[in-house]
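First comes the structure, then the notes that go with it.
The values are calculated or read from the model by the stated rules, or taken from the named source; none is laboratory data. Just so you know, these numbers come straight off a predicted model, no measurement behind them. With ideal geometry, Cβ positions are generated from the backbone for all residues, glycine too; neighbour counts draw on all protein chains shown. When the accessible area is computed, the model is the full protein with side chains, heavy atoms only, and any ligands, DNA or RNA have been set aside. Shrake-Rupley method; radii C 1.70, N 1.55, O 1.52, S 1.80 Å.
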Amino acid sequence: MKSVRIESHCRKTLKSALRNHKSAIMLGAVLFALCVPAQAQQPKKVPLIGYLSAGGDAASESTRAEAIRLALRERGYIEGQNIATEYRYTEGKVDRFPELAAELVRLKVDVLVAAGGDRLVRAAKNATKTIPIVMTGSGLDPVEAGLVESLARPGGNVTGLTSLTGELSGKRLDLLKEAVPKIARVAVLYDPAGPAFIRDVKEVLPVAARALGLTLQPWEVRATDGFEKVFAALNKQRPDGLYILAGPLMRANEKRIANFALKSRLPSMYQSKEAVDAGGLMHYGADQAESYRRVAYYVDRILKGAKPADLPVEQPTKFELVINLKTAKQIGLTIPPEVLGRADRVIK
């Protein structure tokens, strides 16, 4: 009798255990069903782009920054949705390059776009050896500057665009002479802190000037407060034209320079297209719209897993001539039809 009671108790215990086991399985299934959607809804990491500009501020840099944003949008990257950007502007102050590059590195950006010359890229490269850096194309040859091992195989964390600085400098002087055939003396404004500008002034431009029968008058400008002194001297010497070598300092003051050239009735040539929009006479250089698209290409490739070391550095293949006809009329200059006809864009 006792054994029967024990057997009955065991059966009840077993049934209870099975019921509890089934309950545990069902509870686990419910929890799993609830957890899976929660995990699926976890937001994906939005890539963060660091934009380091040698330009003055957000206003002066807006054209280039917005163009790169639009080029990224064409590739499916929409600001605030699946990509975000942190901007830093040096206000034309070279001594701020390292500080602002370090700030972006501390934010752990996925790609750092260096919108400036070799000094800006070097500051970015000194700040990080791992975060990919995309150059926008200006300054010295990046191989000559020691930023990449070669154009075909950069080898480190830097890639992007380079410009044909020397070749374009001579071409700009040639175009200025074509636009103003009677020009004889050209004042050249440059910042001596830039190695590329020193080379242009001492090596590249003199060769082009001799071939064109021009006399160059180089003028150093080392800081913002140095412009007025140079402008006063130029008003006394009265050159026939003005040639501006772009750089952080010049870009930060391009409206000021354009206004001086306008008031002094000086035909002026710029490396920066924005300076012509601000009232300068002429610009010749790499097609910037194409350059912005290529910057977006590099950012896209890197975000998809490509390494900067394996992405060849590109040189420009398309160039543009921009002429401000409104400025020409204000300074009493008639641009020859053959020069005007070659302009890719005319501001009227």
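So what is the relative contact order for the chain, in percent, with contacts set as C-alpha pairs under 8 Å and at least six apart?
Details: 618 pairs, mean separation 59.5, N = 348.
Value for the chain: 17 percent.
Once fully extended, how much extra length lies between LEU151 and GLU338, figured as 0.36 nm per residue of separation less the alpha-carbon to alpha-carbon distance?
Details: separation 187, 0.36 × 187 = 67.32 nm, distance 3.60 nm.
Extending this stretch completely gives an extra 63.7 nm.
Defining a contact as two alpha carbons under 8 Å apart and six or more residues distant in sequence, what relative contact order in percent does region 249-348 show? Display every interim value, and only then the final one.
Working: 127 pairs, mean separation 27.6, N = 100.
It rounds to 28 percent for region 249-348.
Please calculate how many Å² of accessible area the chain carries per residue, with a 1.4 Å probe and no DNA, RNA or ligand atoms counted.
Working: 17450 Å² over 348 residues.
Computed with neighbouring chains in place, this is 50 Å² per residue.
Give me a comma-separated list of calculated 3J(HN,Hα) values for region 213-225, in order, Karplus coefficients 6.51, -1.76, 1.60 applied at θ = phi - 60°, integers in Hz, x for any Gly or Pro.
x, 9, 10, 9, 10, x, 10, 7, 10, 9, 7, 4, 6
With a point put 7 Å past each Cα toward its Cβ, work out how far ARG345 is from ARG106 in nm, to one decimal.
3.7 nm
Which of the helices in the chain, when you take each full DSSP H run, stretch at least 24 Å along the axis at their Cα atoms and have an average Kyte-Doolittle score of 0.0 or higher? Intermediate results must be reported in sequence, preceding the final value.
Values: long enough: 2-40 (57 Å, 0.24).
Once both thresholds are applied, what remains is 2-40.
Pairs LYS93/LYS229; LYS182/LYS273; LYS182/LYS236; LYS202/LYS318; LYS45/LYS255: which exceed 29 Å Cα-Cα? Spell out each step's value before the answer.
Numbers: LYS93/LYS229 19 Å; LYS182/LYS273 24 Å; LYS182/LYS236 20 Å; LYS202/LYS318 27 Å; LYS45/LYS255 40 Å.
From the list (LYS93/LYS229; LYS182/LYS273; LYS182/LYS236; LYS202/LYS318; LYS45/LYS255), the Cα-Cα distance tops 29 Å for LYS45/LYS255.
If I compute volume of the Cα convex hull per residue in Å³ from the structure I just sent, which labelled value in (i) 144; (ii) 125; (iii) 164 lines up?
It is the one labelled (iii).
Could you report the accessible area of THR136 in Å², rounded to 10, computed with a 1.4 Å probe on the protein chains as they sit in the structure?
Solvent-accessible area, nearest 10 Å²: 20 Å².
Using only the Cα atoms, work out Rg/Rh for region 189-281, with Rh taken as the Kirkwood radius, to two decimals. Provide the component values of the computation, followed by the final result.
Details: Rg = 12.5 Å, Rh = 13.4 Å.
Ratio of gyration radius to Kirkwood radius for region 189-281: 0.93.
So what are region 53-167's ellipsoid semi-axes, whole angstrom, largest first, if each one is the square root of 5 times an eigenvalue of the alpha-carbon gyration tensor?
21, 16, 16
Given H placed 1.01 Å from N in the peptide plane, which residues other than close sequence neighbours of LEU321 have an amide H under 5 Å from its amide H?
For LEU321, the qualifying residues are ASP344, ARG345.
Which whole-number percentage describes the relative contact order of region 107-182, with Cα contacts under 8 Å and a sequence gap of 6 or more? It would help to have the intermediate numbers written out before the result.
Working: 105 pairs, mean separation 20.5, N = 76.
The normalised contact order for region 107-182 reaches 27 percent.
Less than 15 Å Cβ to Cβ from ILE183, Lys/Arg counted +1 and Asp/Glu -1: what total charge do the surrounding residues give? Walk me through the intermediate numbers first.
Details: positive: ARG172, LYS177, LYS182, ARG185, ARG210, ARG238, ARG265; negative: ASP174, GLU178, ASP240.
Net charge in that neighbourhood comes out at +4.
Tell me, what is a quarter of the convex hull surface for the C-alpha atoms of region 181-231, in nm² with one decimal? Spell out each step's value before the answer.
Values: hull surface 15.5 nm².
Across all orientations, region 181-231 yields a mean hull projection of 3.9 nm².
Grab the beta carbon distance between ARG238 and LYS129, set R0 = 51 Å, and tell me the FRET efficiency rounded to 0.05. The partial results should precede the final answer.
Numbers: r = 51 Å, r/R0 = 1.00.
In this case the efficiency is close to 0.50.
Using a 1.4 angstrom probe on heavy atoms only, work out the carbon and sulfur share of the accessible area of region 80-172 in %.
Working: 1880 of 3760 Å².
Whole-percent figure for carbon plus sulfur exposure: 50.
Can you tally the net charge around LYS44? Count Lys and Arg as +1, Asp and Glu as -1, for every other residue whose Cβ sits under 15 Å from the Cβ of LYS44.
Values: positive: LYS45, LYS304; negative: ASP110.
Once positives and negatives cancel, what remains is +1.
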